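Data block below; observations after.
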Amino acid sequence: MPQTFKGKRNILEYINEGIKRSVSKIEKRIEQEWRAMKLSDTVLDVAALNEIALWLRENKHPYYNRGTAGASLILYLLQITRGNPLPPHLHNTEIGQTEFMPEYLNGFDIPHDRQSDRLIADGHNIPWQTLWGYDLEYTPDFYLDLYDDAENDLLDFLKTHWLTKLNPKARIIKHESCIQFSTLYFVCYWKRDEFNLDFHNIPSDHSSKLFALTNW
């Protein structure tokens, strides 16, 4: 903090200005992502993904977001993903102030008292275009990887929630036919006794485990 501050009012003004700058930066990021969602026609896909992720958490089905979903601040705020894609920053939970620190590559590198909940260092500095694309014609895909024993529960949820209630035209399609008609995919293949998971390598025999929600 600058040493020229002499009174409480000046300090509060400094804090408020910092909050406004941070909020403006975050709002701009959300606006950019929202525009990209509309241009790629994936607003409803994200809405569906949010409902499905919420259902998975409530029913204690762990899941992993494959690919570039972690680049989205909107998905992070919806708690669909866990990693904060904003630039490195330090957040003060007591006053609600967020200070961005561009001199660090990752928020986890910012020095702070890790024993205190007052200051939280976060931010992995991932551009939103990593998910939504730099090309206006780009359409992202959303993959959720789950334990193999979650398949039946998830299929039942999709059928009862979308196929019978929200949209009778919705379909659940499997394996290769998914690629052309959907942006929402689900892969159920983990075994619960697998402690060393390789999230990016799907077993070759998974034709009955890959499915998608489409036309909903």
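The values are calculated or read from the model by the stated rules, or taken from the named source; none is laboratory data. Computed from a predicted structure; not experimentally measured. Positions of Cβ are backbone-derived with ideal geometry, glycine not excepted, and every protein chain shown enters the neighbour counts.
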### Query
Residues in the range 21-77 that are of a type outside the set (G, A, S) and farther than 24 Å from L136 by Cα: how many?
15
### Task
Kindly establish whether I110 is over 18 Å from the mean Cα position of the chain (by Cα) and surrounded by 13 or more Cβ atoms within 10 Å (Cβ to Cβ).
yes
### Query
If you take the residues of the range 116-161 that are in contact (Cβ under 8 Å) with a residue 40 or more places away in the chain and among the small types (G, A, S), which of them is farthest from K60 (Cα to Cα)?
G133
### Message
Condition first: more than 17 Å from A71 (Cα to Cα) and surrounded by 13 or more Cβ atoms within 10 Å (Cβ to Cβ). Now tell me which residues in the range 96-107 satisfy that.
### Response
Q97, T98, E99, F100, M101, Y104
### Task
State whether one or more residues within the range 122-135 are in contact with a His (Cβ under 7 Å, 6 or more places away or on another chain), modelled with pLDDT of 85 or more and either of a type in the set (D, E) or surrounded by 18 or more Cβ atoms within 10 Å (Cβ to Cβ) (or both).
yes
### Task
Take the range 50-68 and flag every residue that is farther than 12 Å from I80 by Cα and among the hydroxyl-bearing types (S, T, Y).
T68
### Message
Just to be sure before I move on: is S207 of a type in the set (G, A, S) and at pLDDT below 65 in the structure I sent?
### Response
yes
### Message
Need the failing condition index for N84 against (1) more than 24 Å from I52 (Cβ to Cβ); (2) surrounded by 13 or more Cβ atoms within 10 Å (Cβ to Cβ); (3) polar (S, T, N, Q), just the number.
### Response
(1)
### Message
Take the residues in the range 39-61 that are in a loop (DSSP other than H, G, I, E, B) and surrounded by 13 or more Cβ atoms within 10 Å (Cβ to Cβ); name whichever of them is nearest to the chain's Cα centre (by Cα).
### Response
T42
### Message
I'm trying to understand the selection: among the residues of the range 112-152, which are assigned to a strand (DSSP E or B) and farther than 26 Å from K25 by Cβ?
### Response
Y143, L144, D145, L146, Y147
